[in-house]
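Visitor: Can you read through this structure? Questions will come right after.
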Amino acid sequence: MKLYYAPGACSLASHIALHETGLAFEIEKVDFATKKTASGKDFNQVNPKGYVPAIKLNDGSVLTEGGAILQYIADQQPDSGLAPKAGTMERYRLQEWLTFIGTEIHKTFSPLFNKSAAEEVKNNARNLLTKRLGYVETQLANKPYLMGDKFSVADAYLFTVVNWSNFTGFDLGPFPKLKEYMARVAARPKVQAAMQAEGLLK
């Protein structure tokens, strides 16, 4: 498998999941400005949607969209515990988290990266993030990870997007449990390996 990524982008979640499974994989960096991959390919030929993550499977087909890729990776190595078994209520809870993170947290960060966004738009995004992360804070009150005692692909995704607070100036001070969680996930050796490979660690 080959993961197309941009350093620190949402593709980091898939990169973390790949490391956590121990599966064999390659990575190829994408330059968003030129839409070229590190090997000189036109990334739009890989993923016509034009964004990461995209993963080229062993049969040559390409899978896109973070939530789908994360579940695919987890299912390639069921013993990793990164996703509950398909068809179980726990699996639907995982999908619930992946959807919430994708639609309510990931996308809400977007205006904070947009230099042309009006300050009013950015303030609205910050207010909404405060509400959404407030919910996450309550869910982490008595458990180490989103699904309980086990790290899952939902944690890889949440860690990736909340880490954007470091680049946008969003204050995590009001969320002590979330801050503890971020430190806990960041300390995982496989998370460190993925971040190191993307040049995100000093």
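Visitor: Against the definition (at pLDDT 95 or above, in contact with an Asp or Glu (Cβ under 8 Å, 6 or more places away or on another chain) and of a type in the set (F, W, Y)), how does Y92 come out, yes or no?
Guide: For Y92, the condition - at pLDDT 95 or above, in contact with an Asp or Glu (Cβ under 8 Å, 6 or more places away or on another chain) and of a type in the set (F, W, Y) - is not met.
Visitor: Filtering segment 68-115 down to residues that are of a type in the set (D, E, K, R) and in a helix (DSSP H, G or I), which residue is nearest to S14 (Cα to Cα)?
Guide: Keep residues of segment 68-115 that are of a type in the set (D, E, K, R), which gives 75, 79, 85, 90-91, 93, 96, 104, 107, 115.
If we keep only those that are in a helix (DSSP H, G or I) too, we end up with 75, 79, 90-91, 93, 96, 104, 107.
Details: D75: 13, D79: 17, E90: 20, R91: 18, R93: 19, E96: 18, E104: 19, K107: 17 Å.
Looking at the filtered set, the residue picked out is D75.
Visitor: Suppose we filter segment 36-53 for residues that are within 15 Å of T64 (Cβ to Cβ) and under 22 Å from the mean Cα position of the chain (by Cα); how many remain?
Guide: Looking only at segment 36-53, we keep the residues that are within 15 Å of T64 (Cβ to Cβ), and these are 37, 43-53.
Restricting the remaining residues to those that are under 22 Å from the mean Cα position of the chain (by Cα) gives 37, 43-44, 46-53.
Looking only at that region, the number is 11.
Visitor: Name the residues in segment 124-134 that are loosely packed, with under 12 Cβ neighbours inside 10 Å and of a type outside the set (K, R), would you? Break it down stepwise before answering.
Guide: Residues of segment 124-134 loosely packed, with under 12 Cβ neighbours inside 10 Å: 127, 131.
Listed by number, the list holds a single entry, N127.
Visitor: Scan (1) within 22 Å of T108 (Cβ to Cβ); (2) touching a Leu at 6+ places or on another chain (Cβ under 6 Å) for the single condition M195 breaks and write down its number.
Guide: Result: M195 passes all but (1).
Visitor: Is at least one residue of segment 56-67 among the small types (G, A, S), assigned to a strand (DSSP E or B) and under 26 Å from K107 (Cβ atoms)?
Guide: From segment 56-67, those among the small types (G, A, S) are 60-61, 66-67; that's our starting set.
The next check asks that each one be assigned to a strand (DSSP E or B); those that pass are none.
Checking segment 56-67: not a single residue is among the small types (G, A, S), assigned to a strand (DSSP E or B) and under 26 Å from K107 (Cβ atoms).
Visitor: If you don't mind, another one. Out of (1) outside the structural domain of D155 (by TED's automatic domain parsing); (2) crowded, with 19+ Cβ neighbours inside 10 Å; (3) under 17 Å from S152 (Cα atoms), what's the single condition that is false for W97?
Guide: Checking W97 against (1) outside the structural domain of D155 (by TED's automatic domain parsing); (2) crowded, with 19+ Cβ neighbours inside 10 Å; (3) under 17 Å from S152 (Cα atoms), the one that fails is (1).
Visitor: Exactly one condition in (1) part of a helix (DSSP H, G or I); (2) crowded, with 19+ Cβ neighbours inside 10 Å is not met by F151; state its number.
Guide: Among (1) part of a helix (DSSP H, G or I); (2) crowded, with 19+ Cβ neighbours inside 10 Å, the lone unmet condition for F151 is (1).
Visitor: Considering only residues that are within 18 Å of the chain's Cα centre (by Cα) and part of a loop (DSSP other than H, G, I, E, B), look in segment 24-35 and name the one that is farthest from Q76 (Cα to Cα).
Guide: F32
The values are calculated or read from the model by the stated rules, or taken from the named source; none is laboratory data. Keep in mind the model is a prediction, meaning the values are calculated, not measured. Here the Cβ is made from the backbone with ideal geometry for all residues, glycine too, and neighbour counts use every protein chain on show.
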